[in-house]
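Down below is the structure, laid out as structure tokens.
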Amino acid sequence: MSIAITHAAPRTVPRRRINRRSALVLCLLGGGVIFLFALTLTCGRGCLAPSAVLSALFGHDSAGASFVVNDLRFPRAAMSLVTGLCFGLGGVAFQVMLRNPLASPDIVGISASAGAAAVFAIVILSLNGWIVSLVAVCAGLMVAFTIWGLSSGRGGAGGRLILVGIGISAMLDSVTAYIILEAPEWDRVEALRWLTGSVNGAQLTEVAPVFAALVVFGGMLAVAARDLDVLRLGDDTARALGVGADKTRLVVTLAAVGLVAFATSASGPIAFVAFLSGPIAARLLGSSAAILPAAALTGAILVLAGDFSGQFLLPARLPVGVVTGAVGAPFLLYLIVRANKNGGSL
Amino acid sequence: MSLDHRLEAQNLCAGYEKQAILENVSLTLPAGKITAIVGGNASGKSTLLRTLTRILPTVSGSVLLDGQSVHTMPSRKLAQIMGLLPQSPIAPEGITVADLVGRGRHPHHSLFTRWGSADDRAVDQALRATGIEKLAEREIDTLSGGQRQRAWIAMALAQETDLLLLDEPTTFLDVSHQIEVLDLLVDMNTGRGTTIAMVLHDLNLAARYADHLIAVADRGIYAEGPPSEILTESMVKAVFGLESRIITDPVSGTPSMVPLGRHKVISRPCSRKIA
Ligand SMILES: Nc1ncnc2c1ncn2[C@@H]1O[C@H](COP(=O)(O)OP(=O)(O)OP(=O)(O)O)[C@@H](O)[C@H]1O
Ligand SMILES: [Mg+2]
């Protein structure tokens with residue numbers, strides 16, 4: 001172990017290989033998203049020819065395809081896509097920042113607070129549009145900082161932060177349920193959206209704010225991604241490498257809450273997408289390079305696939321949140337069992 | 001090859017919320033030299049290193065790098081000059097050795113620069129210097145404590161700073177790897193002119209390898225200077241509360257401390273009585 005360089009054989013550079021794997025995984029995930037998006041556009045109760053879908057999208061009406069594609073399927077697919085990206089990205093940002101897969105926004109109460117605030121804003125305050133999303137963001141930030149405070153959370157998320165978050169989450173879920181019961185004009189479908197999440201009846205005007213949030217907050221995360229990655233080595237090492245730990249945490253919290261809150265106020269808290277995307281992406285990548293984009297794409301796949309199977313593959317028509325919830329619950333149990341064994345981190 | 005940087009503390013008070021750990025400490029790390037910091041458990045050695053590297057805010061007083069307060073310097077620039085290996089760093093699950101060592105390159109990049117051949121070279125050299133090039137693809141969780149420690153040292157080396165502070169770099173290492181790490185630090189010091197400060201618990205190795213010895217006790221610096229002057233029976237008694245004898249290390253000619261415990265001592269010096 002002397003510093004003198006002996007005639008060492010040229011070593012294959014590990015970085016390159018990891019990058020190649022990341023690129024491959026990202027391509028596959030991106031391909032999956034495009035496939036599912038196209039599937040949602042072409043297949044429904046009846047399948048259209050791809051050419052009919054395309055000509056409808058570009059404004060040539062072909063035998064009624066226009067209405068189905070442009071007014072029903074495209075907004076739905078677009079909503080699934082952007083909310084999936086938002087949930088996946090916001091979820092993994094929390095998990096990486098707190099070094100714990102259980103610390104995702106939908107487990108620790110961020111989604112629940114955004115959902116409760118959105119329902120409150122719509123039903124009680126009769127607001128709509130952007131304002132609802134902003135109210136949801138504020139509620140999400142408030143809850144995030146409350147949890148940090150109550151668990152005096154510095155650095156990694158111990159069991160305490162998770163438990164406080166789960167408690168707050170349960171409390172806010174019951175607030176949502178109560179407000180829904182008090183809103184008699186809502187039908188069952190609308191109520192389900194706020195309880196488990198659904199992209200049913202999505203409108204392009206509802207997609208727009210989520211898309212804007214994805215650009216703004218996703219951009220913030222992209223800028224903070226390198227620092228976030230170094231933060232996983234612990235606060236001391238991160239600071240020694242020139243990363244301001246508290247500043248990075250603040251930026252990441254703001255961005256992740258923004259993503260999750262905007263998505264939640266459009267589609268409801270689609271169960272477990274934020275929670276599942278990061279760990280699935282991490283398994284695919286092997287190492288955590290490129291975890292943020294991979295988790296975002298995974299989130300989009302989960303929502304698109306969940307919505308499609310909820311509509312057409314399962315015996316009963318189910319909102320997407322019920323499908324993702326059914327997939328996510330066993331994984332949550334698995335993680336809890338494993339965390340008790342060796343305190344897992346992401 | 002590297003510039004000499006002067007790191008000094010002036011009337012430094014350091015500690016944690018309302019609990020003062022160090023009071024009124026003034027010191028200078030001699031540029032281009034190896035400094036060893038010794039002291040009992042919980043005496044504040046790690047606190048000192050963390051305050052010097054700006055990881056911990058000062059309570060009062062100042063830390064100056066080349067005469068400029070480190071608190072006014074941009075974090076990235078500071079991290080290009082000064083590196084720290086913390087006492088108990090955290091490795092994320094599943095990270096490979098090469099990946100971890102690569103993180104040491106972080107301060108040399110901005111949002112718009114890409115990983116380049118200079119980075120590859122730095123990582124390769126750090127892996128080879130610490131003798132873990134064969135472990136490059138292994139996950140950190142699957143390594144032994146000593147292998148892991150060497151991976152962390154490699155990360156600090158890959159940062160290629162002119163000033164390197166290490167908090168107990170030799171813990172977890174077997175005797176031969178301890179010597180190898182210390183020899184490596186001397187190589188860096190003489191080869192590249194890196195200024196090194198490290199916390200060590202082994203007084204004899206500290207005296208052998210350091211040009212400058214700092215003994216921390218009672219919330220301050222008990223003594224500092226060349227090891228031959230600092231490592232004395234009275235210092236060991238005052239700093240560690242331990243009776244000892246100092247002999248000359250037959251290999252290096254530096255002072256060497258032999259502890260006198262309550263047992264297993266055949267010839268006890270008659271001048272000292274132990275209660
Ligand atoms: N994060 C912290 N918050 C509060 N007190 C702390 C913190 N870290 C250390 N301390 C306290 O500061 C004192 C000095 O700790 P420090 O880690 O600097 O000791 P040390 O000399 O490095 O000891 P060791 O040889 O055991 O590593 C101890 O009493 C310790 O309890
Ligand atoms: Mg220490």
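The values are calculated or read from the model by the stated rules, or taken from the named source; none is laboratory data. Since we're looking at a predicted model, the values are computed, not measured. Every residue, glycine as well, gets a Cβ built from its backbone with ideal geometry; the counts of neighbours run over all protein chains shown. Ligands, DNA and RNA are stripped out before the accessible areas are found, and what is left, the full protein with its side chains, is counted by its heavy atoms. Shrake-Rupley method; radii C 1.70, N 1.55, O 1.52, S 1.80 Å.
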Open item on the list: Given an 8 Å cut-off on Cα distances and at least 6 residues of separation, report the relative contact order of the range A:64-341 as a percent.
Closed with: 33
Task: R0 of 60 Å, Cβ-Cβ distance A:Ala170-B:Thr248: FRET efficiency to nearest 0.05 - done: 0.30
Open item on the list: If you build the convex hull over the alpha carbons only and average its shadow over all orientations, what do you get for chain A? Give it in nm² to one decimal.
Closed with: 21.0
TODO: Find which of A:Met79, A:Gly115, A:Ala290 sits farthest along the positive direction of the dipole of the protein assembly as shown, computed with +1 on the beta-carbon of Lys and Arg, -1 on that of Asp and Glu, about the Cα centre.
DONE: A:Ala290
TODO: With a Förster radius of 56 Å, plug the Cβ-Cβ distance of A:Arg317 and A:Phe145 into 1/(1 + (r/R0)^6) and report the FRET value to the nearest 0.05.
DONE: 0.90
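What full-extension length gain, to one decimal in nm, is calculated for A:Ala177 and A:Asn19 as 0.36 nm per residue of separation minus the Cα-Cα distance?
Taking 0.36 nm per residue and subtracting the Cα distance, the gain is 52.3 nm.
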- [ ] Round to a whole angstrom and tell me the spacing of the C-alpha centers of the range A:31-67 and the range B:26-47.
- [x] 70
TODO: Could you work out the Kirkwood radius for the range B:130-275, taking every pair of different alpha carbons, averaging 1/r and inverting it, reported in Å?
DONE: 17.2
Open item on the list: Multiplying the sequence separation of B:Thr28 and B:Asp187 by 0.36 nm and subtracting their Cα-Cα distance, what value in nm do you get?
Closed with: 55.0 nm
- [ ] Would you calculate, for chain B, the mean residue ellipticity at 222 nm contributed by helices, counting each DSSP H stretch of 4 or more residues as -39,500 (n - 2.57) and dividing by all residues, to the nearest 500?
- [x] -9000 deg cm²/dmol
TODO: Measure nothing but the geometry: give the 0 to 90° angle between the long axis through the Cα atoms of A:130-150 and the longest principal axis through the Cα atoms of chain A, rounded to 10°.
DONE: 40
TODO: Note the angle between two axes, namely the Cα long axis of helix A:14-42 and the longest principal axis of the Cα atoms of chain A, as a number of degrees from 0 to 90, rounded to the nearest 10.
DONE: 0
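In the range A:119-223, which GluC sites (Glu not before Pro) fall in coil by DSSP and have 15 or fewer other Cβ atoms within 10 Å?
Values: sites: A:Glu182, A:Glu185, A:Glu190, A:Glu206; in loops: A:Glu182, A:Glu185.
Those that pass, being in a loop and sparsely packed, are A:Glu182, A:Glu185.
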Task: Approximate shape of the protein assembly as shown as ellipsoid semi-axes (Cα gyration tensor, √5λ), whole Å, largest first - done: 57, 26, 20
- [ ] Please give the FRET efficiency for B:Glu8 paired with B:Arg121, using the beta carbon to beta carbon distance and R0 = 35 Å, rounded to the nearest 0.05.
- [x] 0.60
- [ ] Any chance you could give the angle, 0 to 90 degrees and rounded to 10, that helix A:110-119 forms with the longest Cα principal axis of chain A?
- [x] 20
Open item on the list: Once ligands and nucleic acids are excluded and a 1.4 Å probe is used, how much of A:Phe74 is accessible, expressed in Å² to the nearest 10?
Closed with: 60
TODO: Can you tell me the equivalent ellipsoid semi-axes for the range B:12-123? Use √(5λ) from the Cα gyration tensor, largest first, whole Å.
DONE: 29, 18, 14
TODO: Mind giving me the nanometre distance, one decimal, between the label points for B:Met73 and A:Leu28, set 7 Å out from Cα along Cα→Cβ?
DONE: 4.5
- [ ] For A:Val215 and A:Arg283, compute 0.36 nm times the residue count separating them, minus their Cα-Cα distance, and round to one decimal in nm.
- [x] 21.9 nm
Task: Lys, Arg +1 and Asp, Glu -1 on Cβ, resulting dipole of the protein assembly as shown about Cα centre, debye, nearest 20 - done: 820
